[in-house]
Amino acid sequence: MFNKILIANRGEIAIRVMRACREMGIATVAVFSEADKNALHAKYADEAYLIGPAPASQSYLNIDSIIDVAEKTKAEAIHPGYGFLAENANFARACEEQGIKFIGPSSRAMEKMGNKIEARKIMKKASVPIVPGSDGEIDDADKAVDIAEEIGYPIVLKASAGGGGIGMKVVSRREELEHVIESTQAVAKSAFGDATLFIEKYLAKPRHIEFQVLADSKGNTIHVNERECSIQRRHQKLIEETPSPIVTEQLRKKIGTLAVKSARAVKYENAGTVEFIYSKGKFYFLEMNTRLQVEHPITEITTGIDLVKEQIKIAAGEELEIGPKEVKHFGHAIECRINAEDPLNDFAPSPGKITRYRSPGGPGIRIDSGVRMGYTISPYYDPMISKLVAWGRNRRETIARMNRALTEYIISGVTTNIPFHKAVMNDEAFQQGELSTDFIEERNIIAKIPAIIEADKARESKLQEIFRDDKRIVAISAAVSSYMSMVKKAE
């Protein structure tokens, strides 16, 4: 087992990994930018080192600086978290070349699954269903038109190196295809340094369902059930849950088998997620995320499996102790991503200083967070405040718990998407499990938010009294302490 691990990330995921390391008796090394010198993850680690200025390109994406810190501190392994360099094959290769264990898949497997065109070819060869579309890249409008007319409009143009909905555009008519190809290529080139595009059929009212997989170096590969991630804005997830409301035990077995087959097709090792799109009763391979997912806590809370510890043990060469028969599912869990963003302004980021912060608690509630009162949400990074997870014996109880927790959550100083999450939890279609990636638009969720905000203002005015009482208690306590000190001195 490793003695020391460097966590090449920030915020809540860095703290999450450090917690697992601490329980395993492994020392931790944090890296931080100038903007994060007072961040919790830098304080929580056993050691912490500055790696550059605030922009991620000069700090958290600076491979040479991170490798230098790992070598200087004699860290035997690096955990990349998610985002930043987590799916960067060059980073994984740099670790391999320096004899530092990358806690994730090999650079070779990452390259195969990171290129979506290559991934489609691999899955097709492995007899895993893929969405109808192009077999290779699209480099001119005429070729795109031929494929689009063959599979039928609407179609989706996607960046082969893309992710998070970037470099992705729906096209409904032939007339707009040429212009969209040029603009999407420009976006892909800017975001990923690769303008390669491909085409897929746009599926009506799809659901996004993913399977967590674990694979060791001994040839053991299992899936750890599914998560539904259909509530999205701009193709980015906001709410996830497990189990999926539509996945039966028979479907779980069928699609889980395909997920395992997908991982084995690239000789995958460590934790990964195989994502599927579901439409009109059919499942298709979408992509594979070669890292830990933001939504991993809902799998942990419903299975009792610590996915981060499993990652570390696999990277250390240990064999999986869990077989398919040992994977159980207890109750239901939902995760809401609490972000500093304004849903009434197209979810625009809302950086700033958190002036009040009280997180919820009680039965079935878990919060993974990297912020505190007085913390400043930086404009340089993702505006996530926390991941709020609710667990219940069934989906109805879980929704009720999440609703209660959202009501308890107090964050001031920045605009958050908490009212959005309340609107979703109270939506009848959501409560019935009728989901799709178009849910926000179809259910007109944004229009429901102003009424929730007004109700929250009325509730918060009552809570002001609680905060005033808190301040009075603190002041009285300080006065009593001061008086007792004076008495002792007089004696």
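Readers should treat all values here as calculations from the given coordinates under stated rules, not as data from a laboratory. All of these numbers come straight from a predicted model, not from anything done at the bench. Backbone-built Cβ (ideal geometry, glycine too); neighbour counts: all protein chains shown.
Annotations for the structure displayed:
- Among 240, 321, sorting on how many other beta-carbon atoms sit within 10 Å of each Cβ, with the fewest leading, yields 321, 240.
- Neighbourhood charge, 14 Å Cβ-Cβ cut-off, centred on residue 131 and excluding it, Lys, Arg +1 and Asp, Glu -1: +4
- DSSP bridge pairs, the chain: antiparallel proportion in percent, nearest 5: 80 percent
- Spatial extent of the stretch 108-155: Rg and Dmax, with the Cα atoms as the point set, Å: 12.2, 35
- Computed over the stretch 38-104, relative contact order equals 25 percent, with contacts defined as Cα pairs under 8 Å that lie 6+ residues apart.
- Estimated inter-spin distance, residue 326 and residue 218, nm [label 7 Å along Cα→Cβ]: 0.9 nm
- Neighbourhood net charge (14 Å Cβ-Cβ; Lys/Arg +1, Asp/Glu -1) for residue 18: +1
- Counting only residues at least eight positions apart within a chain, or on another chain, the lysines with an alpha carbon under 19 Å from that of residue 457 are 422, 448.
- Alpha-carbon centroid distance for the pair the stretch 401-419 / the stretch 60-125, whole angstrom: 35 Å
- Taking the stretch 155-236 as the region of interest, the number of lysine pairs whose Cα atoms are within less than 22 Å, with members eight or more places apart or on different chains, is 7.
- Straight-line cross-link partners of residue 112 among the aspartates and glutamates, defined as a Cα under 12 Å from its Cα and at least 8 positions apart when in the same chain: 87, 287.
- Sites residue 234 and residue 461, calculated FRET efficiency, Cβ-Cβ separation with R0 35 Å, nearest 0.05: 0.55
- On Cα atoms only, tilt of 11-23 relative to the major axis of the chain in degrees: 80 degrees
- Shown is the FRET efficiency for residue 64 and residue 174, computed with R0 = 51 Å from the Cβ-Cβ distance and rounded to the nearest 0.05: 0.60.
- Taken about its Cα centre, the stretch 4-103 carries a charge dipole of roughly 280 debye when the Cβ of each Lys and Arg holds +1 and the Cβ of each Asp and Glu holds -1.
- An ellipsoid equivalent to the stretch 132-201, defined through the eigenvalues of its Cα gyration tensor, has semi-axes of 18, 11, 11 Å when rounded to whole angstrom and sorted largest first.
- Label-point gap, in nm, between residue 397 and residue 118 - each point 7 angstrom along Cα→Cβ: 4.6 nm
- Of 280, 254, the sequence from fewest to most neighbouring Cβ atoms within 10 angstrom is 280, 254.
- Long-range HN-HN contacts of residue 31 with modeled amide H, under 5 Å: 7, 9, 49
- Efficiency of FRET from Cβ geometry, residue 376 and residue 190, R₀ 35 Å, rounded to 0.05: 0.80
- Taking 28 Å as the limit for the C-alpha separation, the pairs 101/328; 328/387; 261/387; 261/328; 143/237 exceed it in the case of 101/328; 261/387; 143/237.
- With kT/(6 pi eta Rh) evaluated at 10 °C and eta = 1.306 mPa s, and Rh the Kirkwood radius from Cα pairs, the stretch 207-450 diffuses with a coefficient of 85 µm²/s according to Stokes-Einstein.
- Backbone geometry of the stretch 443-449 corresponds, through the Karplus equation with coefficients 6.51, -1.76 and 1.60 at θ = phi - 60°, to 3J(HN,Hα) couplings of 9, 6, 4, 4, 5, 8, 6 Hz, x marking Gly and Pro.
- Computed from the C-alpha gyration tensor, the three semi-axes of the ellipsoid equivalent to the chain are 38, 29, 23 Å, from longest to shortest.
- Net charge over other residues, Cβ less than 9 angstrom from the Cβ of residue 109 (K, R count +1; D, E count -1): +1
- Taken about its Cα centre, the stretch 207-450 carries a charge dipole of about 260 debye when Lys and Arg each add +1 at the Cβ and Asp and Glu each add -1 at the Cβ.
- The chain - percent relative contact order, Cα under 8 Å, separation 6 or more: 12 percent
- On Cα atoms only, tilt of 395-408 relative to the major axis of the chain in degrees: 50 degrees
- Additional length obtainable on full extension of the chain from residue 280 to residue 319, 0.36 nm per residue less Cα span: 10.2 nm
- Each Lys and Arg Cβ is given +1 and each Asp and Glu Cβ -1; about its Cα centre, the chain then shows a dipole of about 1460 debye.
- q = 0.21, 0.23 Å⁻¹: log10 I(q)/I(0) that the Debye formula gives for the stretch 409-458, counting C-alpha atoms only: -0.76, -0.86
- A crude spin-label estimate for the pair residue 205 and residue 140, with each label 7 Å from Cα along the Cβ direction, gives 4.0 nm.
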